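So the structure is just underneath, and the comments pick up after that.
Rule-based calculations on the coordinates, nothing more; no lab input. Predicted model only: the values in this text are computed from it and were never measured. Note that each Cβ is placed from the backbone with ideal geometry, even for glycine, and that neighbours are counted across all protein chains shown.
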Amino acid sequence: MNNTFKHYSRLFAIAVIASLFATTSFGRTNSEPKAAADTIRSLKESTITSLRVNKKVIETPASVVIAPVLNFRKHSALTVSNVLATEPGIAFGGDGVWSTNVNVRGFGESRLITLIDGDRVETATDLTASLSMIDVNDVERIEVIKGAQSSLYGTGAMGGIINIITKEGRFADRPYFSGEFNTGYSSVNNYFSNNLALGTGSSKWYLRVNGTYSKAGNIRTPEGQIPNSQFTTGNIAAKFGFKPLANHLFKLNFQNNRSYNVGIPGGSSFPGPADATYKQIGRMLVDASYEIKNLTDKFTSLKISYFYQDNNRDVEVHPNTVTRKVMPNGNIQLTTPTLLSPNSIHKTHSAQLQTVFNLSDNNTFIAGADFFRRNLVTDRKKFVTVNIQKPDGTIIKTNNIERGETPIPTSSSTTGGIYMQDEARFLDNRFIVTLGGRIDGIWMNNEEGHDVDYINMNGTIAEPPASQRITFPAGNTFDISWSANLGLLYKFTKNADVVLNASRSFRAPSLEERFKYIDLGNYVRLGNQNLKPEDGLGVDAGVRVWGNKFTLQTSIFTNKINNMIVEDPGKFIYQLTADSSKETLDALINSNVSEALLYGADIKAEYNIISDLVLSLSGYYTRGRDIVSNTDLPLIPPLTGRFGARYTFDKAGSMELNLIAAAGQDKIAQGETATDGYVRLDFALYTKRFVLSRTCSIQGFAGVENIFDTAYTNHLSTNRGSISIEPGRNFFVKVNLMF
């Protein structure tokens with residue numbers, strides 16, 4: 001009965017979309033999709049906020065990607081990573097279906113900065129999830145600045161910035177009440193999602209509240225289901241705006257994202273055929289800002305902001321491994337870890353003061369200071385059964401052991417910096433020069449760390465155990481880092497320009513890289529208190545064309561990283577209990593032992609071949625080398641291309657066909673697995689926005705991803721986790737209702 005209901009539910013939803021697409025009797029609203037010719041040139045007029053001030057893309061000397069809300073609706077979009085990966089230079093990876101991340105030109109999450117509404121947040125470390133803790137239903141658009149931007153945002157922005165801009169409330173001349181309802185279904189994992197947002201306001205204030213509930217089962221692939229890939233997630237968000245005086249604006253933003261029973265199919269972090277699950281993982285954000293505009297003719301903006309974020313996770317790992325050891329007396333020791341339960345709490349506070357001056361019609365100057373503090377608390381329990389048996393299998397003794405550990409000692413990282421940026425425009429705005437710089441002080445401190453806090457053997461507790469060793473002495477460190485950016489843009493015609501961005505960036509070692517002690521059974525990952533900050537030099541140059549019928553954005557880039565932090569193979573002496581013998585385990589120890597060189601190119605073009613048909617082409621290539629060891633860097637995405645065609649029906653909507661192709665990747669680091677190339681075909685259609693009444697409108701979306709049910713691997717997911725095959729054919733349907 002349940003399967004029959006699901007079957008007819010899918011047919012009904014697809015029928016709703018098809019009927020909307022075919023219907024032409026309804027009128028149109030001003031918010032419906034633009035005609036094909038308008039769509040391809042819309043990017044140049046788009047305004048971005050990720051470079052501290054509002055700027056049009058056409059006036060920005062950087063490689064910019066904008067993923068608008070339409071992109072999230074016309075894809076199945078389980079997470080924001082799925083949508084960003086459709087853009088050139090951005091690759092998708094993850095440890096499962098829910099836990100995902102992105103790679104920008106070969107730079108992983110630790111060398112990217114993630115912002116929510118302009119506020120820097122921690123969403124991607126060894127002990128949290130990635131972009132998965134962002135509700136896709138609450139995203140208005142995402143801006144990605146490819147290339148280093150440390151002069152504006154400080155440590156970590158070596159590969160770029162990902163700014164997730166959530167849906168905003170609005171002021172109005174008269175009081176109003178409005179709402180939006182989104183619902184969707186994906187067949188590949190029986191994913192259901194429902195979202196409701198309500199808004200109200202007037203000329204002086206607004207309030208918008210948003211809630212989402214989503215649930216998915218195990219993902220289906222051409223070779224069967226991926227076990228333990230289910231998830232349940234919910235999100236509550238609210239935005240409040242108030243104008244106490246003319247040119248004064250106060251904003252308050254709240255987000256609470258919680259996910260439960262999130263399966264992690266596996267990965268290098270879990271030994272053997274482990275079964276790992278996030279019992280609960282969450283992110284809570286509170287943000288407040290106050291901005292005064294047009295204080296004088298020159299002093300155009302003064303903004304003060306503060307935010308607090310709390311990330312926490314509760315994990316269960318069932319290792320399912322047995323270690324066999326022959327003892328000197330001939331007896332056999334069988335060690336079976338039965339449960340690992342790592343937990344962590346990440347709390348961050350940040351404050352910022354920023355000023356903007358329009359010194360002349362052709363000169364804008366930004367100056368500011370910011371403060372960012374992250375506190376980390378972790379713990380882990382490890383339950384182990386040790387059987388001592390005779391060679392014939394007779395059990396002599398059984399020890400049930402509970403081992404309490406702190407993978408990373410209680411620690412904090414504090415960064416304080418000042419930054420400045422000047423933009424000058426010459427030759428009637430045909431030549432734009434941007435020059436910026438920043439200096440930061442970085443403080444880190446930690447409590448004393450130990451390999452084990454207590455051992456409970458058969459009900460007898462040793463706290464601390466006699467064999468306890470110090471892994472990290474208590475300490476404080478202080479570093480100073482600086483960065484700078486030079487951006488050049490020259491318009492050699494009205495609709496064509498060349499851009500150049502050169503930068504010096506840096507990245508301070510994270511708390512995990514300095515202090516982690518993670519023993520998961522088959523190897524140990526160790527931090528290093530003496531790590532130095534990484535610094536990088538990067539150059540990005542490109543040509544862009546902004547025609548009415550043809551657009552082109554293309555770039556070549558190169559980045560060199562000094563003092564690169566990598567996990568260097570070593571040895572660690574491991575002792576399970578006070579009365580057991582010592583064992584040597586392989587260890588990966590963080591060290592400043594490498595220099596890296598990354599280079600490549602990306603391209604995106606659209607051509608309005610006839611009035612209703614647009615062809616698109618995009619692709620990217622990245623190469624990464626460790627200069628010291630003359631080896632390939634890990635997790636470098638393969639050569640990837642995308643070819644698409646979009647046809648717009650004047651009175652109905654649009655349909656798209658996209659061919660995605662990736663080459664095999666055999667330029668791999670030690671320990672990685674080479675992956676084969678693949679070709680995948682996707683189809684989507686979406687209606688125009690149809691008016692149902694004076695205050696109500698509807699829009700539908702549907703599509704098929706991986707039409708031919710191709711079995712293929714994603715190089716980043718395969719080598720980061722244990723996902724050896726990607727999802728199979730997926731039918732999806734969505735409806736957006738506005739009232």
Review point. Give me the log10 of I(q) over I(0) for the range 298-361 at q = 0.15, 0.17, 0.21, 0.23 Å⁻¹, as the Debye formula computes it from C-alpha points; what are the numbers?
Key: -0.75, -0.81, -0.92, -0.98
Review point. Can you give me the pair-distance distribution of the range 473-562, C-alpha pairs, 10 Å bins, whole percents?
Key: 14, 27, 21, 18, 13, 7, 0
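If you take every residue apart from S150 with its C-beta less than 15 Å away from the C-beta of S150, what net charge results, scoring Lys and Arg +1 and Asp and Glu -1? Numbers along the way, then the final one.
Working: positive: R52, R111, R120, K146, R438, R504, R507, K560; negative: D370, D440, D479, E534, D535, D540.
Net of charged neighbours comes to +2.
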Exercise for review: For the range 646-683 and the range 177-238, compute the distance between their C-alpha centroids and round to whole Å.
Suggested key: 25 Å
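So what's the range 142-216 giving for Cα Rg divided by 2.2 N^0.38 Å, two decimals? Intermediate values should be presented prior to the final figure.
Values: Rg = 18.2 Å, N = 75, 2.2 N^0.38 = 11.3 Å.
Cα-based Rg divided by the globular estimate yields 1.61.
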Check your understanding: So how tilted is helix 2-22 from the main axis of the chain? Cα-based, degrees 0 to 90, rounded to 10.
Key -> 20 degrees
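Below 13 angstrom from the Cβ of D361, what's the summed charge of the other residues (Lys, Arg +1; Asp, Glu -1)?
Working: positive: K298, R425; negative: D297, E423, D428.
Spelling it out: positives minus negatives among the neighbours equals -1.
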Check your understanding: Going by how many other Cβ atoms sit within 10 Å of their own, how do M655, M158 line up, fewest first?
Key -> M655, M158
Review point. What ³J(HN,Hα) values, in whole Hz, does the Karplus curve 6.51 cos²θ - 1.76 cosθ + 1.60 give for the range 226-239 when θ = phi - 60°, with x put for Gly and Pro?
Key: 8, x, 6, 10, 7, 6, 9, 9, x, 9, 10, 9, 8, 10
Practice item. Would you mind checking which residues have amide H under 5 Å from T221's amide H? H placed 1.01 Å from N; only 5 or more apart, or other chain. Key: I226, G728
Revision key, fill the gap. Per-residue ellipticity at 222 nm attributable to helices in the chain (runs of n ≥ 4 DSSP H, -39500 (n - 2.57) apiece, nearest 500 deg cm²/dmol) works out to -2000 deg cm²/dmol
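Out of every Cα-Cα pair in the chain, what percent are more than 35 Å apart? Please list the in-between numbers first.
Values: 130946 of 272691 pairs.
I get 48 percent for the Cα pairs in the chain exceeding 35 Å.
What net charge do the residues around F426 carry, taking every other residue with its C-beta under 15 Å from that of F426, with Lys and Arg at +1 and Asp and Glu at -1?
Details: positive: R425, R430, K491; negative: E59, D361, D422, E423, D428, D497.
Overall, the nearby charge balance is -3.
Which value results for Rg/Rh of the range 607-730 when Rg is the Cα radius of gyration and Rh the Kirkwood radius based on the inverse mean 1/r?
Details: Rg = 19.6 Å, Rh = 17.2 Å.
Result: Rg/Rh = 1.14.
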Check your understanding: ³J(HN,Hα) across the range 553-561 via Karplus (A = 6.51, B = -1.76, C = 1.60, θ = phi - 60°), whole Hz, x for Gly/Pro?
Key -> 10, 9, 9, 10, 8, 8, 9, 10, 10
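Roughly speaking, what is the stretch gain from V326 to F431, that is 0.36 nm per residue apart minus the C-alpha to C-alpha distance, in nm to one decimal?
Working: separation 105, 0.36 × 105 = 37.80 nm, distance 7.49 nm.
Here the answer is 30.3 nm.
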Exercise for review: Any chance you could check the Cα centroid distance between the range 372-398 and the range 445-476 for me, in angstrom?
Suggested key: 15 Å
Point to revise | Those aspartates and glutamates that a straight Cα-Cα span of less than 18 Å connects to K251, excepting residues fewer than 8 apart in one chain | key: D117, D119, D138, E140, E168, D287, E291
Exercise for review: Would you mind getting me the FRET efficiency between T296 and T558? Use the beta-carbon distance for r and R0 = 51 Å, nearest 0.05.
Suggested key: 0.75
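Take the residue pairs K381/K516; K55/K298; K532/K667; K146/K215; K347/K516; K74/K688 and return only those whose Cα atoms are more than 23 Å apart.
Values: K381/K516 15 Å; K55/K298 18 Å; K532/K667 28 Å; K146/K215 33 Å; K347/K516 17 Å; K74/K688 12 Å.
Over 23 Å Cα-Cα: K532/K667; K146/K215.
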Exercise for review: Give the long-range amide H neighbours of S202: residues separated by 5 or more places, or on another chain, with amide H under 5 Å away, using H modelled in the peptide plane at 1.01 Å from N.
Suggested key: A172
Revision key, fill the gap. Exposure-ranked with fewest Cβ neighbours within 10 Å first, E59, E512 stand as E59, E512
Revision key, fill the gap. Going fewest to most other Cβ atoms within 10 Å around each Cβ, R174, R504, R403 line up as R174, R504, R403
